[in-house]
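Laboratory data are not the source of any read-out in this text; all were calculated from the coordinates shown. These figures come from a predicted structure and were not determined experimentally. Note that we place each Cβ from the backbone using ideal geometry, even for glycine, and neighbour counts take in every protein chain shown.
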Amino acid sequence: MCCESKRRFLLLYATQKGQAKAIAEEIWQQAGAHGLEADMHCISEMDKYNLETEKDPVVIVISTTGTGDPPDTARKFVKKIQDKTLPPDHFAHLQYGLLGLGDSEYMFFCNGGRTVDRRLQELGAQHFYDTGLADDSVGLELVVDPWIDGLWLALKEALQLQKEKEDMNNAVSSSLSTGPHAVHELKLSSEVQNLKLEDEGARGSDILSQKLDDINLVAPARDTEPSLVHSVPPLSQSALNIPALPPEYIEVEFQDIQGENPHLSSLISEGRTFEVPVTRAVQLTREDAIKTALLLELDIADTAFEYQPGDAFCVICPNNVSEVEKLLHILGLSEKGDDFVCVKVKQGTKKKGAVCPQHIPERSTLKFILTWCLEIRAIPKKAFLRALVECTSDAREKRRLQELCSRQGASDYTHFIRDSNVCLLDLLHAFPSCKPSLSLLIEHLPKLQARSYSVSSSNLYQPGRLCFVFNVVEFPAGPSRPVSRKGVCTGWLAELVAPLLHTSKNSQGTKGEIFSTEKVSIFPRPNNAFHLPADPSVPFIMVGPGTGIAPFIGFLQHRQKLREEHTDWEFGETWLFFGCRHQDRDYLFKQLQCFLKNGTLTHLKVCFSRESSTAEVAPPKYVQDVLRLCAKEVARVLLKERGYFYVCGDKKHMADDVSDAVVDILSMEMEADKLEAMKSLAMLREAKRYLQDVWS
Ligand code: FAD
C-alpha cells in the first residue's frame, strides 16, 4: 500500500462508527499532494505494522466510545501497550502525532485518544506534533481541519530530522536519538497557511477564487438575513477556499436478477442479532406532555439473548419509507427501487485504496440499501457538499453550496447545516437543481447505525421479557426543514407500535397479553460497569430524570425479587431522585410508589420543573437541587458507607449539573475546598462507585 520513493509515514486509525477512518482516509488522500505517502492501516491490523521497529513518523486518529473507552478496533492494541512489563523506553524510537475524536458532552472527553497518548508517552514515544482533540458536540471539523493543515509541515520536519539522524547515524553518538523534536502549535500559523496555499497551487488548485461579479450573483438588497440558501456580505462577495473535490470511486450497476435481500443480521458486525416480537407498548406520558415517552416490552423467551439490569441493547432500525421514496424520486430511480444493484469500485478511480463500503451488501435491492444501510438523515459533511456542487446546475445554488463548504463559510455551515440538523433531503429540497447520482450517495452517506437503549426491566422479575423506554424524538419544521420529522428509530418504533398502543389504551386495566405480529431486530450492548453493587448490603443512590429512570426500574425490579427470594440477606438503603416537567403529564412510572411501599426503595425524591407553586419557599425544580437538599445523606452514603452513585439520562446538561452538585456536597460535608472535593469525586469514578450512563 506504500510507495518506496515517496517519503512515508505510518497512518493508523481506530474507528467505532467510521469517523476516525474517514478522517484517516482524508489524510491519506491529501498526503500525495504534499509529496508524502501514508501507509494506512486499521489499528487492529497488527500484523501489518510494527511500532516496535517503526522508524517513520506515526499518525494516529482514534475515536472514543461508550464511557470513555477506545473503540472496539483498538482494544487489542491498547491491551498490548498497557502491558505493565514494558520498559519506559519501549517506544523511545517512536515519533507520533495523535488526533483524538470525542464529544465533550460525555464525561470522559476523547478518553480513547488520551489513553493511547498517555501510554505512548509513558513508554518514551515523542510527539512530533501536538495532540488534537476534536469535539463532535461543536463540530469535529473545527479541530480536525486545522490539525490536518498543520500536520504536513510537522511531518516534513519530522521526516527531515529523521533523515539527518540517519545520515549522521554512524558518526554521531546516541545523544542525537533523544534530541528534541519540533512540536508545533495546533493553531494555524501563517507559515502553515502559506505552505497549504503553495501546495494547493502546485496541484492544480482546489482554491476557488471566484469573485462574485464573475457569476453575477448579487444578493437582492431586501434579503439582509442569511439562510440555508442565501448568503449576505461579506461571505456573498468573498473569494472562497473550498476543499478539493473528493475523487469518485463507486459505480453502481443494476442487475437483471431475482432474489432475496440479505438478512438484517448480516448488516451487523457486533455479534448475534435476535428478531423478537413486541408484546406490549404503553404511552407513559399524557397527550399534552411536551415529549411522548413510550415503554415497549419485547419477548426474548425463545432466544439466547441475555442481559443484566443496567445493560443496554441496540435496535436495528430502517429509514422512513416516505423519505426513501422521495429520495428515489429525486434520483430519478422510482422505477428501480426493487431492482438488485451491484456496487463496485470504479475502475481507474483516483481515490487511493478505494474499497466498497462494508455496510453495503454485495447483492441487495436499491430500496434495501436506502432503507437499511445508509444514514440518509446524516448531517452532510463538507466533502459531500463539495461533491454536490458538481451535480448542481443553477449558478446561485452552486455558489451557495460552495460557500457552505468553504473556509469562509464555516460559521454558515455550523449554523445552517450542523446546528439545524439538515439532512440530504432538506438540501435537495432547498437546492432543487442539485441532482446527485446514487453512487455519490453511497460514497458519502455513512452507515445507518443501530440505536442503543437502556434495558428497563429485570430478567428475574420478568423472565423472558425485556422492556425499554424512549422519548419520540421530534424535529420541528423550520426555515431549513420544510416538514417536521421524528427521530429515525423512535419515529419508526412509534409508528410500528401505534396499533398496539391503541389496543392497550382500550383494554386499560385488563391483564393478559396483547397479540402482536410486530418484530424488531436487536443485539446486546452490555455495559461493563453500570450494574447493581455485587454486595446487596451496600447502599446506593440513583439519579434518573425523564427517561433516565429506565435502568433504575430494572434495578428496583431486580432488587425486589432478590428481597423476596432471600429474606435472610441484608439489603442496603436505596435512593431514587427522579424529575420531570409536570406531575400529571410526564411522571413516567407512578408505580415507583409500590417499590417504596414494599421497602425495595427506601427514599424517593421527585421534583417537577414546570409546575407553578404558591409556596413561600419554591420547591426544588431539578434533581440536582433535590440532591443538594439531601446533602448530608448523600455524603454519608458515599463517604461513610462506601455506597454507589448512578446517574442516567440527558448528557447535555443534567449529568454535569449533577456532578457539580455532588462536588458541592462533598466539599461542604468534608469541609474541604472544591479542588479536594473534585479529587474525591474523581476517586469515586475511578473506583467505579460514581457511574454514569448518559445520552443525548
Ligand atoms: P435520530 O434520528 O438519530 O435523531 C437524534 C439526533 O437528533 C440526536 O443527535 C439529537 O441530538 C438530535 N435531536 C434530537 N431532538 C432534536 C430536535 N428537536 N431538533 C434538532 N435536533 C434534535 N434514548 C432513550 O430514549 N432511552 C434510552 O433508554 C436510551 N438509552 C441509551 C443508551 C445508550 C448507551 C446510548 C448511547 C443511547 C441511548 N439512548 C436512549 C439514545 C438513543 O440511542 C437514540 O439516540 C435516541 O432514541 C434517538 O434516536 P432516533 O433514531 O429516534 O433519533
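Which value, in Å to one decimal place, does the Kirkwood hydrodynamic radius take for the range 540-694 when every pair of different Cα atoms is included? Could the numbers behind the result be given before it?
Working: mean 1/r = 0.0619 Å⁻¹.
In the range 540-694 this quantity evaluates to 16.2 Å.
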Relative counts (whole %) of C-alpha pair distances in the range 7-163, using bins that are 5 Å wide: 2, 10, 20, 24, 22, 14, 7, 2, 0
Kirkwood hydrodynamic radius, the range 348-469, all distinct C-alpha pairs: what's the number in Å? 17.0 Å
Given the C-alpha centroids of the range 636-685 and the range 363-434, what is the distance between them in whole angstrom? 43 Å
Cα-only Debye scattering, the chain: base-10 log of I(q)/I(0) at q = 0.06 Å⁻¹: -0.41
The answer for the chain, counting only DSSP H helices whose Cα atoms cover 20 angstrom or more along the axis and whose Kyte-Doolittle average is 0.0 or greater, is 654-670
Selection from 239, 484, 428 lying farthest towards where the dipole of the chain points positive, charges on Cβ: 484
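Let me know the charge dipole size of the range 540-694 about its Cα centre in debye, to the nearest 20, where only the beta-carbon of Lys, Arg (+1) and Asp, Glu (-1) is charged.
About 320 debye.
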Cβ-Cβ cut-off under 10 Å around residue 465, Lys and Arg +1, Asp and Glu -1: the net charge is -1
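Quick one: Cα convex hull volume of the range 628-683, Å³ per residue? Can you show the working numbers first?
Details: hull volume 4.5 nm³, N = 56.
Convex hull volume per residue, Cα atoms: 80 Å³.
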Taking placed amide H atoms and a strict 5 Å upper bound, the residues 5 or more places from residue 11 or on another chain that come that close are 39, 40, 41, 59
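Which entries of 590/679; 163/346; 352/381; 352/435; 382/447 have Cα-Cα distances beyond 28 Å here? Present the calculation step by step, with values, prior to reporting the outcome.
Numbers: 590/679 37 Å; 163/346 38 Å; 352/381 20 Å; 352/435 26 Å; 382/447 17 Å.
Cα-Cα > 28 Å for 590/679; 163/346; rest within.
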In debye to the nearest 20, the charge dipole size for the chain, taken about the Cα centre with +1 at each Lys and Arg Cβ and -1 at each Asp and Glu Cβ, equals 740 debye
Note to self: C-alpha centroids of the range 53-129 and the range 288-308 sit apart, in Å, by 37 Å
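Counting only helical runs of four or more DSSP H residues, what would the 222 nm mean residue ellipticity of the chain come to if each run contributes -39,500 (n - 2.57) and the total is spread over all its residues? Kindly include the intermediate steps, with their values, before the conclusion.
Details: 19 runs with 204 residues, N = 696.
The per-residue figure over the chain is -9000 deg cm²/dmol.
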